[in-house]
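Here the structure is laid out as structure tokens; the discussion comes afterwards.
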Amino acid sequence: YTSGMASMSSLMAILGGLDMLDTSISPLAGGTSHPATETLVASLQNTPYDTGLDLASFLPITEHFREVRRKYRQFESDFTGVDAEILTSQIPGGMLSNLAAQLTEQNALDRMREVLEEVPRVREDMGYPPLVTPTSQIVGTQATLNVLTGERYKVITSETKNYFLGLYGRAPGPVARDIMARAIGDEEPIKTRPADQLDSELDTVAKDLPSSATSIEDRLSFILFPAIARDFFEAREKGDLTPEPLEATLAKGPAVAGELHLAPVEFNITVHGETYHVKVSGSGRQTDGRKPYYIRVNDRLQEVSLEPIREILAGVPEASHAGTGATPKRPRPSKPGDVAPPMPGRVVKILAAVGDQVKAGDPLLIIEAMKMESQVPAPIDGNVSAIFASEGDNVKTDETVIQLE
């Protein structure tokens, strides 16, 4: 429904002989979703295309999902409503909502317009692949990287490289040869059917799975998202899969003696004479001693990371302790040989060891960000003198992960 034309298009398709149509219950309809079921049912009443469905029967379903959606309102985006510009940019709704999620994850939702302008340029470079899964994800993520890193193709995802190698099939149109050379180097694109290049992963991946991960769903999760899946399996085995609260609870009235004090979730904060309206919208899972919180500052969604130094049990001022699980801080990049990731992400694999001699451009590590893997190259020729991260660690752009001398 991104363009605002879905209901009209659906009706014309029905009049043209359509047999089946996907719709969505009204609280979850519109925007990047489907047209509302109730709307089309009502529109077709007393016509040759009457569905025979009773509108009143939808009321309890509507009420249920209205409450469900309200619980997830902190994840709503300004870019998932009707946007008539899509009629000219041709970016499908599913891709648009995915881009919004990626940029929110990188605390860069305000750069959506730049990404939308970059998408058609990347698509042209790649020979105009269709903007449907999976190539829409490949194009969208590469466009996002081009914008966030400040340099086009400074970071090239593994999937972009595989696309140029022909592993997603033949490009519909001519590709940009300079970009292709930058992505694949001296490697030759395949000449055969891509599926013929695949090994059977389903059985071989079993040896890398934790003992508790035995179902086919676990294997597929691990193949698709190995780092995220491994964390999930470990947390599930320990019994640590506690859902995050979807709605913040506000304190009502003064606390009585012995009651735990509730932390504020919406407040004004004044810094150097400037007042900011802050609302805590949600939080993520703690890793490496840090926990991400999603806050709105003057109605702009941002992510902040908190690393406890000293904690106090709510309502019991005497019961305090030092924060646990914090990892030593990594040094900030200050020299040409200090290698930092181009964006926040998780270390999937370290490709170098202390003492290795590398050349500029050699891949040093692979990070996973926005559900895509990217290689981080050496910025200079040199020797690996130190490595400040391990596989599975979360790293940020202001942290040196590998040091070259």
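Just so it is clear, none of the values below were taken in a lab; they were calculated from the coordinates. Quick caveat: nothing in here was measured; it's all calculated off a predicted structure. Neighbour counts are summed over all protein chains in view; Cβ atoms, including those assigned to glycine, are modelled from backbone coordinates with ideal geometry.
Miscellaneous remarks
- In this simple spin-label model, placing a label point 7 Å from the Cα along the Cα-to-Cβ direction at both Asp208 and Arg177 gives a separation of 3.7 nm.
- The gain in end-to-end length when the Asn298 to Glu234 segment is fully stretched comes to 19.3 nm, 0.36 nm per residue minus the alpha carbon separation.
- Two-site FRET efficiency, Asp381 against Lys335, from Cβ-Cβ distance with R₀ of 22 Å, rounded to 0.05: 0.95
- Computed label-point distance, nm, for sites Leu28 and Glu67 using a 7 Å Cα→Cβ extension: 1.6 nm
- Magnitude of the charge dipole for segment 1-154, about its Cα centre and with charges confined to Cβ atoms of Lys, Arg (+1) and Asp, Glu (-1), is about 300 debye.
- Point-to-point label distance, Ser3-Val354, nm (Cα→Cβ direction, 7 Å offset): 5.9 nm
- Segment 16-91: GluC sites (Glu not before Pro) falling in loop per DSSP and having at most 16 other Cβ within 10 Å: Glu76, Glu85
- Compactness relative to 2.2 N^0.38 Å, alpha carbon Rg of segment 109-198: 1.06
- A cut-off of 5 Å between modelled amide H atoms, ignoring neighbours fewer than 5 places along the same chain, links Ile402 with Val339, Phe388.
- Between Ser390 and Glu217, the FRET efficiency from the beta-carbon distance, with R0 = 22 Å, is close to 0.20.
- Gain on full stretching of the segment that runs from Leu18 to Asp50 - 0.36 nm per residue minus C-alpha separation: 10.2 nm
- Loop sites in segment 1-83: chymotrypsin sites (Phe, Trp or Tyr not before Pro), DSSP, at most 16 other Cβ within 10 Å: Tyr49, Tyr72
- Listing Lys335, Lys329 from fewest to most neighbouring C-beta atoms within 10 Å gives Lys329, Lys335.
- Qualifying GluC sites (Glu not before Pro) in segment 178-233, where qualification requires a DSSP coil assignment and no more than 15 other C-beta atoms within 10 Å, comprise Glu187.
- Amide H to amide H, with H built 1.01 Å from N, Leu364 comes under 5 Å of Val376, Ala378, counting only residues 5 or more places away or on other chains.
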